[in-house]
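The values are calculated or read from the model by the stated rules, or taken from the named source; none is laboratory data. As the structure is a prediction and not an experimental result, all values here were calculated from the model. As a convention, Cβ positions derive from the backbone with ideal geometry for all residues, glycine included, and neighbour counts pool all protein chains shown. What goes into the accessible areas is simple: the full protein's heavy atoms, side chains included, and nothing from ligands, DNA or RNA. Shrake-Rupley method; radii C 1.70, N 1.55, O 1.52, S 1.80 Å.
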Amino acid sequence: MENKHLNKPHQRVGSISNAHVGRDFEAVALDVFAAKGINLQSDLKLPVGVVKNKKLHAFDLGCEDQKIIVECKCHKWTAPNDNVPSAKLTVWNEAMYYFLVAPQGYRKILFVLRDVSERRGETLAEYYVRTYGHLIPEDVEIWEYDEGSQEVVQQSFNNLLHRTSRLTQR
């Protein structure tokens, strides 16, 4: 029996492509935000940059009127051994940078798939905050979406992290 994913080892099993997985997850996020009364659009383009010469960046979701931008990440621990998806987490770091250089006054949300590592006893988002917390701007919220319950676990990892780091620096 031929395995159609044999030549695509980094593609999620059962999906047409990773791009489809991402688009489907963005559609879920749109529904989650709409249920909370937050109407967003896909590919909201805003000027970003650290100098006067800014370039447009398309955030996955957003709303200029409500001043909200969202980046969506549908990543999982690497199967079959719950290994860290290091390359995928660099994309999370990139999202943090775009949040950092986004226009002031926007609510910034990283909307991620809640994926628990049985071996580690933590979600991928918890792992990210623990290992990359120094790269998370203070005003970024991290929302984890649980596929099973279809609920959002809204975490303020970064606020606790930054509060803790300030306390330890005194």
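Miscellaneous remarks
- Diffusion coefficient, µm² s⁻¹, Stokes-Einstein with Kirkwood Rh over alpha-carbon pairs of region 22-73 at 4 °C and 1.567 mPa s: 112 µm²/s
- A cut-off of 5 Å between modelled amide H atoms, ignoring neighbours fewer than 5 places along the same chain, links D60 with V70, C72.
- Kirkwood hydrodynamic radius (C-alpha pairs) into Stokes-Einstein, region 98-156, 4 °C and 1.567 mPa s, D in µm²/s: 104 µm²/s
- Restricting the GluC sites (Glu not before Pro) of region 45-100 to loop positions (DSSP other than H, G, I, E, B) with no more than 13 neighbouring Cβ atoms within 10 Å leaves E64.
- Pairs from the list K52/K108; K73/K108; K88/K108; K54/K76; K36/K67 with a Cα-Cα gap above 24 Å: K54/K76.
- Gain on full stretching of the segment that runs from Q154 to Y98 - 0.36 nm per residue minus C-alpha separation: 18.1 nm
- Accessible carbon and sulfur surface of region 48-133 relative to its total accessible area, %, 1.4 Å: 49 percent
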